[in-house]
Structure formats: C-alpha cells, structure tokens
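Undergrad: Shown below is the structure under consideration.
Nothing in this text is a laboratory measurement; each read-out follows from the coordinates by a stated rule. Note that this is a predicted model, so its numbers are computed, not measured. So basically every Cβ, Gly included, is an ideal-geometry build from the backbone, and we count neighbours across all protein chains shown.
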Amino acid sequence: MGHSLRSSTLVPRGFVVYNTAIDDGVMLIAIRPASTASLCPICGTRSERIHSRYQRRLADLPLVGKPVRLVIDARRFHCDAVLCGRRIFTERFDGDVLAPSSRRTARLDHIVHHLGLALGGRPAATSAKRLMLPVSVRGRNTT
Ligand SMILES: [Zn+2]
C-alpha cells in the first residue's frame, strides 16, 4: 500500500493532535494550533505573548462509525501595539477550517449545509443522523 494513516491527517490543517480518547461512544481528539503566534484581529500585529488558554469543543466528521468532537486548546493573546484598542484577543483560525464561534468544523458545516439544500428540513436531518452528522433540528441536537 505504501500509505500510512497519521493522526495529523485526520484533523484540520494547522493543528496538531496531542491526545485521543473515547467518551460515551464519542471520539474526542484533543488538538492544538501548530503555530506559536496569532495576529490581532484589530491591528494585525503578531503576538506570541499568551494571556490564557481555554477549550473549544467542535463537532467534526464521524470516524470509523463514531461521532467526533475536536477539543481545541485555544489561546488568548496580548496585543502589545501601542495604538491598538484591543489589549487581549482570542486567536482566530482560518475561516475555511474553523469559523469564529462555530460549533462545528467548516468541512462538517459544508456537508450539513448541502444536505439541507438538497433534501430540506426533516429529510436532511434524517439523512444527517444516518451519516452520524451532528445537526440541530429546532434547536435540539440530534447526537
Ligand atoms: Zn492589536
């Protein structure tokens, strides 16, 4: 075969896997950004000075028949630019990978979006459930 499956190929680009676990049938993949710095969203200044860390949990594509949650070790940085009004900012990720405040990865969101367009409402939710894709129906999670 010649190809090996590395854990880094399973997660969105720009992230590194540092732990995996299965909790109540859900595969948890702990990842952190590969970069050591982030750009202030207000002034664009690069910062490596970390203020704090927090975790984001996002749904991702299912893997080997199990729903997947990415547990991201996200960071807040200091902005040291003198004229910038933002002292602390949350790091942003590539919008094609993880949109700000999103509860699922962009690749999962893309599939759910197109399922919704193709099938609409309840049929889309049923298909998503069969595919083990986490979607909300009237504000309730299906997984
Ligand atoms: Zn700034």
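Undergrad: So which residues in the stretch 60-99 are in contact with an Asp or Glu (Cβ under 9 Å, 6 or more places away or on another chain) and of a type in the set (A, V, I, L, M)?
TA: V68, L70, A74, A99 - these are the residues of the stretch 60-99 that are in contact with an Asp or Glu (Cβ under 9 Å, 6 or more places away or on another chain) and of a type in the set (A, V, I, L, M).
Undergrad: Now a separate question. For residues that are of a type in the set (G, A, S) and within 18 Å of D96 (Cα to Cα), scanning just the stretch 12-41, find the one that is nearest to the ligand (Cβ to nearest atom).
TA: Kept after step one, since they are of a type in the set (G, A, S), are these residues of the stretch 12-41: 14, 21, 25, 30, 34-35, 37-38.
Right, trim to within 18 Å of D96 (Cα to Cα) and you get 14, 34-35, 38.
Details: G14: 21, A34: 22, S35: 17, S38: 11 Å.
Looking at the filtered set, the residue picked out is S38.
Undergrad: Any idea how many residues of the stretch 42-79 are within 14 Å of the ligand (Cβ to nearest atom), assigned to a strand (DSSP E or B), surrounded by 18 or more Cβ atoms within 10 Å (Cβ to Cβ) and not polar (S, T, N, Q)?
TA: Number satisfying all stated conditions: 1.
Undergrad: So which residues in the stretch 80-91 are within 10 Å of the ligand (Cβ to nearest atom) and either assigned to a strand (DSSP E or B) or without any contact (Cβ under 8 Å) to a residue 12 or more places away in the chain (or both)?
TA: Residues satisfying the conditions are V82, R87, I88, F89.
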